[in-house]
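Reading through the structure tokens given below for one structure.
The values are calculated or read from the model by the stated rules, or taken from the named source; none is laboratory data. Nothing here was measured: the structure is a model prediction, and the numbers come from that model. For neighbour counting, all protein chains shown are included, and Cβ atoms are generated from backbone atoms with ideal geometry for every residue, glycine included.
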Amino acid sequence: MKTRKWPSLLLTMAISVFFFSSCKDWGQMDPPAGNQVYPKLEKVANYTFDEELDPTVIQYFAYTNGEAPDLYNDNDRGSVLYLNEGYARISNPLNNVKVQNAVSLTFWVKQAIQTDEETKEELPQDLEGALFSFQNENGAQRMFFTANGWLRYEGLDGTYEDNNPEIDKTGLITAGEWHFVAISVTNNGYFVYVDGLKKIYRNVTDFDCSKIVQFMASVPYLYIGYGSDTQTNEMMIDDLMIYRNTITKKEWSPIISEEGAFEYVVGDPILTVGATDNSSAWWTTFSNYFRIPAESKMNFKFTNHTNGVGNWNNWNFCLSTDGERDGTGYTEYFVIRSDLYGWGDAYATGTWTSEGYGDWDAFRVDMEGAEVTVTIERSGSKVTVDAVAKALNGNVYRETFTTVCGDGTQVVRGFFIMDSSHIVFDTAETSVLTNVPVTKTTIGAEDCSAPWWTEFSDYFQIPAEQNLHLEFENHTNGVGNWNNWNLCLSTDAERNVDGYAEYFVIRSDLYGWGDAYAAGTWTSDGYGDWDAFRVDMEGAQVTIDILRSGATVTVTAIATSKNGNVYKETFVTECGDGNQMVRVFLIVDGAYLNIDSSKCYLYAPLFK
């Protein structure tokens with residue numbers, strides 16, 4: 001016998017449903033963009049469970065001796081769908097739209113903590129009962145997903161599964177509390193985010209996952225709490241949303257989903273913080289609040305100014321809870337300064353590392369006009385602040401502070417404080433960063449034997465008004481100028497499937513092709529001696545930034561050779577209307593690349 005740890009039920013439910021190729025010969029052009037069908041992210045259904053639902057849309061069933069689902073008034077989420085030994089069936093809303101590269105679902109879920117009625121001992125979490133399933137008319141073909149991230153597909157065209165709990169327990173979600181889950185099953189695998197954090201990312205190479213995508217789009221039924229070989233235990237579901245094609249951070253983040261566009265900067269931008277004569281007293285002049293969600297990074301760049309009297313008369317930084325100073329709920333985790341000092345509860349348990357410090361007389365002089373970069377990174381509960389100050393005379397001071405703040409899931413705030421000092425932000429380089437998954441860090445054979453259009457990096461998606469940064473080590477056979485990195489910007493689709501089109505391909509040697517390439521422009525620095533270039537590109541460190549501003553795409557690539565020679569190329573063109581998701585991937589040709597996954601991220605300016 002099992003008992004549930006939930007109060008009695010209050011019933012009310014509703015719904016608002018919205019029905020709403022390239023392995024080319026060298027230099028071959030794409031068809032005109034007007035002939036392409038671009039994958040469009042679209043929400044096709046939103047089940048809010050706020051009031052009674054039309055039985056022609058959703059039907060309720062009970063397992064043997066069980067209870068049909070009903071509505072429950074939850075203290076945290078209001079009216080939700082409650083399932084206890086029962087399940088629901090929905091007419092598949094994806095039947096009414098064209099699905100191209102993915103099917104995606106987002107939802108809130110809370111599994112009950114199950115206990116033995118006699119012993120009162122807690123029972124194992126339900127990892128095998130389906131949260132959701134897609135099935136044909138007689139259930140002979142199915143795809144289901146469980147709280148372990150177990151995805152299993154059984155179709156006429158084959159079977160696929162991953163994260164079977166009998167083999168691997170993922171700890172994807174915990175029972176007894178609400179979690180926001182987002183899943184996209186794509187043409188090349190699937191990924192899962194829980195509470196805004198990436199938990200599963202599968203790039204599947206041994207099965208054609210487009211079969212699963214089209215199956216999910218074409219079968220007549222979507223089930224809640226039914227579909228595996230194990231009866232699903234007690235749970236609650238809320239705000240089920242179904243999308244055609246691949247979701248983005250906007251959809252998989254519970255903060256953004258609940259509140260709309262996430263507010264990173266509070267208030268109008270303050271670009272100069274503090275009186276310019278350095279007269280601002282301590283704790284009287286502050287920057288904007290910068291709100292930092294879980295698993296993200298912010299980068300601040302500014303010029304520091306000081307009265308030069310004390311080591312502390314420079315920039316100071318505070319990390320706090322997500323509240324107004326001195327208001328309800330406001331608590332400081334720590335305050336740190338530019339001189340390896342600080343305070344606060346989280347400060348007491350933190351650690352410092354530093355370089356360049358020691359001569360404080362020199363430090364006080366050097367900090368006037370110093371260019372400072374401060375990076376705050378959150379990884380779980382760990383917070384790392386890395387600050388690098390470059391003096392006008394070339395001296396460098398670097399301090400890194402690491403500590404633990406909260407449980408890592410909450411939004412925190414950071415802000416700068418002046419003390420007889422002021423700072424001026426560099427708006428172009430003050431940004432919010434999000435690491436991107438890199439599953440393939442070596443591209444091409446290490447003997448540089450990979451021929452053209454056979455070896456590729458991961459796909460990197462770039463949403464509108466965001467930018468992508470990539471870093472890697474380049475290796476080449478040294479034969480041709482083109483035997484190095486190559487980059488393609490395309491529509492948000494797999495190569496050689498419907499909806500795939502290339503905007504442009506560019507190379508490290510100021511060359512490229514494609515419809516958008518023809519209308520683009522190049523600028524470059526350091527090029528001219530091609531014999532030297534072919535030698536210098538072996539082992540060169542390469543950074544590539546792809547910037548999106550409206551329809552304008554700017555690619556800047558900087559290659560630094562082992563002997564210090566630098567080659568910089570910038571390509572600018574127009575791609576689509578600027579609102580669409582695009583993809584970038586790297587290609588090798590008589591070359592191979594080692595990608596630094598820690599230095600691959602999306603970023604967007606904080607001050608707009």
>> Quick check on my filter: what residues within region 500-524 are in a strand (DSSP E or B) and among the charged types (D, E, K, R)?
In response: Glu502, Arg507
> When Leu468 is evaluated against the numbered criteria (1) in the same structural domain as Asn579 (by TED's automatic domain parsing); (2) at pLDDT 95 or above; (3) in contact with a Phe, Trp or Tyr (Cβ under 6 Å, 6 or more places away or on another chain); (4) farther than 22 Å from Leu606 by Cβ, which criterion, by number, is the only one it fails?
Replying inline: (4)
>> Consider region 285-309. How many of its residues are hydrophobic (A, V, I, L, M, F, W, C) and under 19 Å from the mean Cα position of the chain (by Cα)?
In response: 4
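Can you name the residue in region 403-451 that is in a loop (DSSP other than H, G, I, E, B), in contact with a Lys or Arg (Cβ under 6 Å, 6 or more places away or on another chain) and of a type outside the set (Val, Ile, Thr) and, of all such residues, is modelled with the lowest pLDDT?
Checked region 403-451; the qualifying residue modelled with the lowest pLDDT is Glu429.
Within region 176-209, which residues are in a loop (DSSP other than H, G, I, E, B), over 21 Å from Pro293 (Cα atoms) and in contact with a Lys or Arg (Cβ under 8 Å, 6 or more places away or on another chain)?
Residue satisfying the conditions is Gly176 alone.
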> Looking only at region 360-390, which residues are part of a loop (DSSP other than H, G, I, E, B) and of a type outside the set (A, V, I, L, M)?
Replying inline: Glu368, Gly369, Gly380, Ser381
> Does any residue of region 362-375 turn out to be surrounded by fewer than 20 Cβ atoms within 10 Å (Cβ to Cβ) and under 20 Å from Thr434 (Cα atoms)?
Replying inline: yes
> Name the residues in region 525-549 that are surrounded by fewer than 12 Cβ atoms within 10 Å (Cβ to Cβ) and assigned to a loop (DSSP other than H, G, I, E, B), would you?
Replying inline: Gly528, Asp529
>> Suppose we filter region 565-608 for residues that are more than 30 Å from Ser379 (Cα to Cα), in a strand (DSSP E or B) and either in the same structural domain as Arg378 (by TED's automatic domain parsing) or not acidic (Asp, Glu) (or both); how many remain?
In response: 11
> Which one of these does Arg398 not meet: (1) at pLDDT below 95; (2) of a type outside the set (Phe, Trp, Tyr); (3) closer than 25 Å to Tyr603 by Cβ?
Replying inline: (1)
> Restricting attention to region 210-232, which residues are surrounded by 20 or more Cβ atoms within 10 Å (Cβ to Cβ) and part of a loop (DSSP other than H, G, I, E, B)?
Replying inline: Val219, Gly225, Tyr226, Gly227, Thr232
> For Asp195, which of the numbered conditions (1) in contact with a His (Cβ under 8 Å, 6 or more places away or on another chain); (2) modelled with pLDDT of 95 or more; (3) not hydrophobic (A, V, I, L, M, F, W, C) fails to hold?
Replying inline: (2)
> Restricting attention to region 550-574, which residues are touching an Asp or Glu at 6+ places or on another chain (Cβ under 9 Å) and crowded, with 21+ Cβ neighbours inside 10 Å?
Replying inline: Val553, Val555, Ala557, Ala559, Tyr567, Glu569
> Just one of Tyr47, Tyr82 is touching a Leu at 6+ places or on another chain (Cβ under 7 Å), of a type in the set (Ser, Thr, Tyr) and within 26 Å of Arg244 (Cβ to Cβ); which is it?
Replying inline: Tyr47
> If you take the residues in region 466-499 that are outside any loop (DSSP other than H, G, I, E, B) and aliphatic (A, V, I, L, M), which one is surrounded by the fewest Cβ atoms within 10 Å (Cβ to Cβ)?
Replying inline: Leu487
>> I need the full set of residues from region 128-147 which are out of contact with any Asp or Glu (no Cβ under 7 Å at 6 or more places or on another chain) and crowded, with 21+ Cβ neighbours inside 10 Å, in order please.
In response: Gly129, Ala130, Leu131, Phe132, Ser133, Phe134, Gln135, Met143, Phe144, Phe145
> Quick check: anything in region 170-177 in contact with a Ser or Thr (Cβ under 7 Å, 6 or more places away or on another chain), surrounded by 13 or more Cβ atoms within 10 Å (Cβ to Cβ) and not β-branched (Val, Ile, Thr)?
Replying inline: no
> Applying the selection to region 410-444, what residues are among the acidic types (Asp, Glu), surrounded by fewer than 21 Cβ atoms within 10 Å (Cβ to Cβ) and more than 21 Å from the chain's Cα centre (by Cα)?
Replying inline: Asp426
